[in-house]
Amino acid sequence: MVQLVGSLRKELADSLSTCKVLVVGAGGIGCELLKNLVLTGFKNIEVIDLDTIDVSNLNRQFLFQKKHVGKSKAQVAKESALQFCPTANITAYHDSIMNPDYNVEFFKKFVLVMNALDNRAARNHVNRMCLAADIPLIESGTAGYLGQVTVIKKGMTECYECQPKPTQKTFPGCTIRNTPSEPIHCIVWAKYLFNQLFGEEDADQEVSPDTADPEAAWNPEETAARATASEKDGDIKRVSTKEWARSTGYDPVKLFNKLFKDDIMYLLTMDKLWKKRKAPTPLDWQQLESSACTQEESPGSGLKDQQVLGVWGHCQLFQHSVETLRLQLQEKGEGAELVWDKDDPPAMDFVTAAANLRMHIFSMNMKSRFDVKSMAGNIIPAIATTNAVIAGLIVLEGLKILSGELESCRTIFLNKCPNLRKKLLVPCILDPPSTNCYVCVSKPEVTVRLNVHKTMVLSLQERILKERFGMVAPDVQIEDGKGTILISSEEGETEANNNKFLSDFGIRNGSRLQADDFLQDYTLLVNVLHTEELERDVEFEVVGEAPDKAPPPQTKEEVNSIANGNKDSAQPSTSFKAPAEDDDIMIVNSDEEEGASSSSAAAVTSGTKRKHSDAETGETSTKRPRTDQSSAAPAQTDDDDDIIALD
C-alpha cells in the first residue's frame with residue numbers, strides 16, 4: 001500500500017524536505033510561489049531579487065505590507081513565508097541573479113530552479129546557467145488574465161532561447177522613470193503622464209524620478225532609507241502631480257520646466273545611474289524659445305503625421321495640447337477626468353510631444369506622430385488571481401520533476417476564455433531542442449549583418465553581444481590567425497578599443513569572431529556579413545530572423561498570442577515560432593491537448609498578422625488573429641493593442 005504524507009507519497013514528501021530549490025524573483029508570482037512551496041513541504045529554499053518594495057506592489061504581492069515599503073523584496077518575502085512554516089530553511093539574497101557570484105557552481109547545488117522574473121536579459125541568463133549546470137528550470141509568466149508555465153531541461157526540451165521572441169512590451173518602473181533607453185520607454189512614460197495630469201491617477205503610473213531605484217543605491221539600507229524618507233512629509237506638504245498642475249493653472253511653461261528640466265536635473269544627482277550610461281540633458285523653455293527666434297524650423301516633407309518635428313516644434317505642440325486638454329477638463333466641470341484615447345487628437349498630440357522631448361533628453365532619435373501612435377496601445381493590468389493560478393502550476397510541474405517524471409511535464413497555458421472544449425487550462429507536450437538555437441546546440445553560431453565601417457567595438461559589446469545575445473561579460477577574439485583580442489571582460493584591458501570601428505581591426509565581410517562568456521560557460525561564433533544597406537536607425541540584423549513574416553499556416557491548432565512583460569512575465573522556451581523578437585505569453589485555444597506540442601500549437605490557422613514597426617529596432621511586433629470566432633473567444637481589435645504593464 002502506498003504511504004501518504006498529507007496528499008503526497010511518502011518518498012516524494014521526504015524528497016521535498018531534503019532537496020534544495022532556487023526561486024528567482026519575489027514579485028507577484030514569486031510571493032505566491034514561495035507561499036506554495038513552504039505549504040507543500042519544501043524545506044530548503046533560496047530566493048533572490050534585486051528589487052525593493054514599492055507601495056504599488058501591495059495590491060497583489062501579498063507577503064508585503066505598507067510597513068515594508070523600501071525594504072528588500074527577497075528578505076521580507078522570506079520573513080513572511082516563515083510565518084506559514086517556521087521550520088523551513090529559507091535563504092534570501094537582495095541582489096541581481098546576474099552577479100558573477102552566482103556562477104555555475106552556485107546553480108549546481110539546486111535540484112530545481114523556478115523563475116519569476118521581469119526582464120529578458122535575466123531570463124536568458126538563468127536559462128544559460130541552468131543549461132551549463134544541467135539543472136531543470138521552470139519558466140512562467142502572466143499578462144492580465146493570461147499565463148503560462150513550461151519546463152526546460154538540457155537535451156530534452158527547447159531552452160528559453162530556442163525560438164525568437166517578439167519585442168518586449170513592458171518594462172520595470174525604474175526604467176520608465178529613470179533610465180529610458182528606447183523610444184517605447186518614453187512613450188509609456190508620456191501615457192502615464194497624461195493620466196497623472198488629466199486622467200485617473202494610478203500609483204503604478206508614477207512619472208517622477210524613482211528615488212528607490214535599486215540600481216541607484218546598491219546598499220539595501222540606503223535604498224530603504226531613501227524610500228522611507230520619500231514617504232515622510234516633514235515640513236513640506238506633498239501634493240500629487242495633478243494637484244500641482246492645477247495650482248499652476250496647467251501652465252504649459254511651468255509644466256515643461258518641471259518635467260523636462262527640474263526632474264532631469266534631479267536625476268543627474270543620482271550619479272550611480274550614469275556611470276555606464278550617457279547622462280540626460282535637461283531642456284529649458286526660455287533657452288529653446290530664444291534659440292528658436294534666431295533660426296526657423298523648416299517644415300518636413302511628406303504627410304504631416306509622418307514628419308518628425310524639431311525640439312522647438314515639439315515644445316509648441318506640448319504647449320498647444322496642454323492648453324486644449326485644460327479646456328476640455330474645464331468644460332467637464334470640477335473633479336472631471338479625461339480618458340486616454342489614441343484617436344483623440346489633443347491626447348495624441350500631448351503624448352507625441354512629451355515622448356519626443358524625453359527621447360531628445362535621453363539622446364534618442366525622435367519619432368513621428370504616426371510612429372508614436374502605432375506604439376501607444378492599451379495597458380493590461382496585473383491580476384493577483386492569475387499569479388496564484390500560475391504559481392500553483394509551477395509547483396505541480398516541480399512535483400513531477402522531483403518524482404522523476406520529466407516526460408509527463410507539460411507547457412500549460414491559462415486562457416482568458418474557455419476553449420472549444422470549455423477548458424481554461426490547456427496543456428501541450430514539450431518541444432525538443434531546436435537545431436537552430438544559438439544557445440543550446442553543441443556549437444552555437446550566428447551570422448550578423450552590419451556595416452563594419454560604422455559599427456564600433458562598444459556597440460558590438462553592448463548592443464549585439466550583451467543586449468541581443470544575452471551575454472554578461474563577453475571576451476571576443478578575432479579568428480585572424482593571430483588571436484587578436486578585441487574585447488576583454490577584464491576591466492580596462494581593451495577600453496581603448498571601444499570607440500574604434502570594427503574595420504579598424506581588419507574585420508570585414510566574412511570575418512569570424514569568437515565570443516566567450518566564462519560566467520555562463522557559453523561560447524558563440526559570430527560570422528560578420530558586411531552591408532551598407534541597413535534601414536534607418538537599424539544598427540545590425542541577425543541573419544535568419546524574419547520578423548515581418550507570419551508563420552506557416554497549420555490546420556488543427558488554434559491560437560492567440562500576446563506579448564507579455566513586467567514583474568511576473570516570462571517567455572517560456574516553447575513560445576510561438578513566429579520569427580519576431582522578444583518576450584512572453586502565448587495563449588492556445590487547442591483541442592489537441594495531450595497530442596499537441598507547444599510549438600505546433602503556436603501556429604496560426606488562417607490570415608496574416610497585423611503588425612507595426614518597432615520605433616527603435618525597425619523590427620515588427622506582431623499579434624496573432626484569433627481563429628476561434630465563437631462568442632466564448634471574441635476576436636481582438638486594434639484597441640486591444642500592444643503595451644502591457646504587468647506584475
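The values are calculated or read from the model by the stated rules, or taken from the named source; none is laboratory data. If you're wondering where the values come from, they're calculated on a predicted model, not measured in any experiment. Methodologically, a virtual Cβ is constructed for each residue, glycine included, from the backbone with ideal geometry; neighbour enumeration extends over all protein chains shown. With ligands, DNA and RNA removed, areas are computed over all heavy atoms of the protein, side chains included. Shrake-Rupley method; radii C 1.70, N 1.55, O 1.52, S 1.80 Å.
Yes/no per residue for (1) in a loop (DSSP other than H, G, I, E, B); (2) buried (at least 17 other Cβ atoms within 10 Å of the Cβ); (3) at pLDDT below 95:
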site	(1), (2), (3)
Ala74	no, yes, no
Ala81	no, yes, no
Asp95	yes, yes, yes
Asn99	yes, no, yes
Phe110	yes, yes, no
Asp118	yes, yes, yes
Val151	no, yes, no
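Checking Lys400 against (1) touching a Pro at 6+ places or on another chain (Cβ under 6 Å); (2) farther than 30 Å from Asn59 by Cβ: exactly one of these is not met. Which one?
Of everything listed in (1) touching a Pro at 6+ places or on another chain (Cβ under 6 Å); (2) farther than 30 Å from Asn59 by Cβ, Lys400 misses just condition (1).
May I ask you to list the residues in segment 509-518 that are in a strand (DSSP E or B) and open to solvent by 40 Å² or more (accessible area, probe 1.4 Å)? If you could, list the steps in order and put the result at the bottom.
If we filter segment 509-518 for residues that are in a strand (DSSP E or B), which is where we start, we get 512-517.
Within segment 509-518, Arg512, Gln514 meet the criteria.
From Val47, Val5, Val23, which residue is of a type outside the set (D, E, K, R) and open to solvent by 40 Å² or more (accessible area, probe 1.4 Å)?
Numbers: Val47 fails: open to solvent by 40 Å² or more (accessible area, probe 1.4 Å); Val23 fails: open to solvent by 40 Å² or more (accessible area, probe 1.4 Å).
Among Val47, Val5, Val23, only Val5 is of a type outside the set (D, E, K, R) and open to solvent by 40 Å² or more (accessible area, probe 1.4 Å).
So how many residues does segment 475-508 have that are open to solvent by 60 Å² or more (accessible area, probe 1.4 Å), closer than 22 Å to His530 by Cβ and not in a loop (DSSP other than H, G, I, E, B)?
4
Residue by residue, here is whether (1) over 14 Å from the mean Cα position of the chain (by Cα); (2) buried (at least 20 other Cβ atoms within 10 Å of the Cβ) holds:
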| residue | (1), (2) |
| --- | --- |
| Thr87 | yes, no |
| Asn103 | yes, no |
| Met114 | yes, yes |
| Arg128 | yes, yes |
| Leu131 | yes, yes |
| Leu137 | yes, yes |
| Ala143 | no, yes |
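Do you know which residues across segment 246-266 are in contact (Cβ under 8 Å) with a residue 12 or more places away in the chain and among the hydroxyl-bearing types (Ser, Thr, Tyr)?
Result: Tyr250, Tyr266.
From the residues in segment 404-431 that are of a type in the set (S, T, N, Q) and touching a strand residue (DSSP E or B) at 6+ places or on another chain (Cβ under 8 Å), which one is surrounded by the most Cβ atoms within 10 Å (Cβ to Cβ)? Give the steps one after another, and end with the answer.
Within segment 404-431, the subset of a type in the set (S, T, N, Q) is 408, 411, 415, 419.
Adding the requirement that they be touching a strand residue (DSSP E or B) at 6+ places or on another chain (Cβ under 8 Å) leaves 411, 415, 419.
Values: Thr411: 30, Asn415: 21, Asn419: 22.
Result: Thr411.
Filter segment 432-448 for residues that are closer than 18 Å to Leu513 by Cβ and open to solvent by 50 Å² or more (accessible area, probe 1.4 Å) and give the result.
Lys443, Glu445 - these are the residues of segment 432-448 that are closer than 18 Å to Leu513 by Cβ and open to solvent by 50 Å² or more (accessible area, probe 1.4 Å).
Of the conditions (1) open to solvent by 40 Å² or more (accessible area, probe 1.4 Å); (2) in a helix (DSSP H, G or I); (3) modelled with pLDDT under 90, His360 clears all except one; give me its number.
That leaves (3) as the condition not met.
Within the bounds of segment 399-415, is there any residue that is of a type in the set (Asp, Glu), at pLDDT below 95, under 30 Å from Arg9 (Cα atoms) and assigned to a loop (DSSP other than H, G, I, E, B)?
Taking segment 399-415 as the starting set, the residues that turn out to be of a type in the set (Asp, Glu) are 405, 407.
Those left that are additionally at pLDDT below 95: 405, 407.
Right, trim to under 30 Å from Arg9 (Cα atoms) and you get 405, 407.
The next check asks that each one be assigned to a loop (DSSP other than H, G, I, E, B); those that pass are 405.
Yes, that holds for at least one residue.
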